[in-house]
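Single-structure report; data block below.
Nothing in this text is a laboratory measurement; each read-out follows from the coordinates by a stated rule. Remember, it's a predicted structure, so these values are computed and weren't measured experimentally. Using ideal geometry, Cβ is built from the backbone for each residue, glycine included, and neighbour counts are taken over all protein chains shown.
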Amino acid sequence: MDRSRPVGYDAGNRLTLMETDDGRRAAVVGRERVQPVFLTYFPDGRNPMTGYAEPFLQAHCPFCNAKDAALAHRVADQFFSGDRMFFLLRCKACGGTFLDGKVFASVTDFLATAYPASYHGGDGIVARGPIPLLGRHAVDRWISHRRPLKVLDVGCGGGQFLKYMATRGHAITGLEPDQKAADNVAHQLQCQVLAGTVETLDPGQRFDLITLWDVLEHFVNPTFSLQRLRGWLDNNGRILFGVPNFDSWEAKLLGAGWFGLEVPRHTLQCTPPHLQRLMTRAGLELTALRSLRGSSYFAKSFMDQRLFENRNRFRPATLKALQRLIRLLAPGAYLIGMAHPAADV
């Protein structure tokens with residue numbers, strides 16, 4: 001029988017992390033093994049998916065790294081995980097809102113729960129909704145097409161944004177966690193698409209532009225991931241991103257029933273001040289940030305039965321009136337921004 005020793009403890013969940021002589025790890029409650037947790041670690045002991053020295057057993061605020069937080073929302077998964085509920089915490093230090101990681105035994109458990117096999121679809125085709133339109137808006141507003149750029153689209157999905165950039169004469173590369181989806185895009189667009197994650201890959205080249213459309217809010221440790229992306233930028237390179245706006249009126253109105261929360265895949269909820277804090281911690285300077293007026297998750301927030309808090313709260317006519325009002329008067333539910341490496345880093 002393999003000998004094992006404790007290498008970590010989470011008092012909140014009474015979980016002890018055990019490690020065997022051959023390096024295997026498992027989470028244990030008392031003497032009962034919860035599930036195997038065979039994780040790959042960097043030589044210095046950091047987990048490759050988080051950058052933390054300890055596994056994904058503690059709740060860190062992704063915006064300031066503080067651990068003192070209070071419950072903000074109890075939220076259901078709109079797509080997977082059955083009736084399982086998850087918790088959003090609000091940091092007592094900076095006010096940031098993020099997913100409670102303590103409900104997962106490990107990063108492996110988190111990934112299996114948040115991204116089951118059906119997430120990408122059996123055919124490997126990934127839809128990204130309005131991302132191509134939003135991406136074109138940001139690129140055409142902030143990026144010059146006068147010279148060819150080397151572009152990396154992280155989480156490229158079905159390749160819609162890459163296709164647009166190729167038509168503008170740019171050299172395109174994609175990055176997509178799902179192998180089948182990556183192969184499909186590479187075949188369709190005849191370009192390089194890396195299969196993997198920001199945290200575990202090295203593209204072996206530098207880029208003028210890196211784009212993150214509905215990706216940043218999925219990072220387990222966004223500071224660590226953004227620091228890696230910063231190292232992939234060429235001189236004068238920039239990062240463009242788009243995220244749901246947690247500071248929007250509809251997010252405040254609908255609370256735990258807002259579609260933009262999308263737990264547990266969205267590990268952090270982004271607002272302009274917290275994006276500024278996040279970029280600064282990652283050694284980036286946020287040079288542009290705006291909400292897209294008219295962007296909305298309002299209708300989608302009433303489409304799924306698991307968002308039960310929204311059912312019967314409003315009459316149909318009231319819903320339509322509210323949606324029109326929000327689109328007309330309120331800041332959009334989607335933020336787009338641009339950042340580049342800070343001069344003093």
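Using a 10 Å cut-off on Cβ atoms, rank the peptides 112-118, 175-181 from the highest mean neighbour count down.
Sorting 112-118, 175-181 by mean packing, highest first, produces 175-181, 112-118.
Can you tell me the order of 226-238, 268-280 when each peptide is scored by its average per-residue count of other Cβ atoms within 10 angstrom, highest first?
268-280, 226-238
Determine the alpha carbon to alpha carbon distance for each of K150/K252; K67/K180; K163/K252; K163/K300 and list only those over 29 Å.
With Cα atoms farther than 29 Å apart: K150/K252; K67/K180; K163/K252.
If you find the alpha carbon centre of the stretch 265-293 and of the stretch 154-183, how far apart are they in angstrom?
What the calculation gives is 23 Å, centre to centre.
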